[in-house]
Amino acid sequence: LFSFSHKAALYPCAVVCWFNTIGDLPDEDTGMWVVQPAHQANNAPHISVIHIDTIYCAAHLIPVYSTQFVPPNLQHYQTYDHFHKFYIKKYADHHAFEITS
């Protein structure tokens, strides 16, 4: 989160990394939607700056693990770089459940 001022008005903002759903239905086993990072036509990540008033609710993402071990030195801030698919955790709270169901 960050903010900036323009003509005496303060604009609180957030940087958002966008995701696309994989498939037309939630995962059959978990009931959760699977997403992957969105990219623009030039393959650059789809990232935007938005006003915080436009945020409806936070999303909890769980990596989709493969059959390989997770490196023991993987740090939490490396998760988006290491994993390519994520579940949207609809069981995080009531609002998340209502939105994703």
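The values are calculated or read from the model by the stated rules, or taken from the named source; none is laboratory data. Since this is a predicted model, take the numbers as computed values, not measurements. Here the Cβ is made from the backbone with ideal geometry for all residues, glycine too, and neighbour counts use every protein chain on show. Remember, those area values only see protein heavy atoms, side chains included, never the ligands or the DNA or RNA. Shrake-Rupley method; radii C 1.70, N 1.55, O 1.52, S 1.80 Å.
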Exercise for review: Inspect region 33-42 for any residue being at pLDDT 90 or above, loosely packed, with under 15 Cβ neighbours inside 10 Å and outside any loop (DSSP other than H, G, I, E, B) and give the result as yes or no.
Suggested key: yes
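Residues checked against (1) in contact with a strand residue (DSSP E or B) (Cβ under 6 Å, 6 or more places away or on another chain); (2) in contact (Cβ under 8 Å) with a residue 40 or more places away in the chain; (3) more than 21 Å from Pro26 (Cα to Cα):
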| site | (1), (2), (3) |
| --- | --- |
| Ala38 | yes, no, no |
| Ile50 | yes, no, yes |
| Cys57 | no, yes, no |
| His60 | no, no, no |
| Phe69 | no, no, yes |
| Leu74 | no, no, yes |
| Asp81 | no, no, yes |
**Study point:** Test: Ser48 is in a loop (DSSP other than H, G, I, E, B), exposed (fewer than 13 other Cβ atoms within 10 Å of the Cβ) and hydroxyl-bearing (Ser, Thr, Tyr)
**Key:** no
Study note, to complete from the structure: Scanning region 1-20 for residues that are in a strand (DSSP E or B) and surrounded by 13 or more Cβ atoms within 10 Å (Cβ to Cβ) gives Tyr11, Cys13, Ala14, Val16, Phe19
Point to revise | In region 57-89, residue nearest to Gly23 (Cα to Cα) [restricted to those that are open to solvent by 100 Å² or more (accessible area, probe 1.4 Å) and under 19 Å from the mean Cα position of the chain (by Cα)] | key: His84
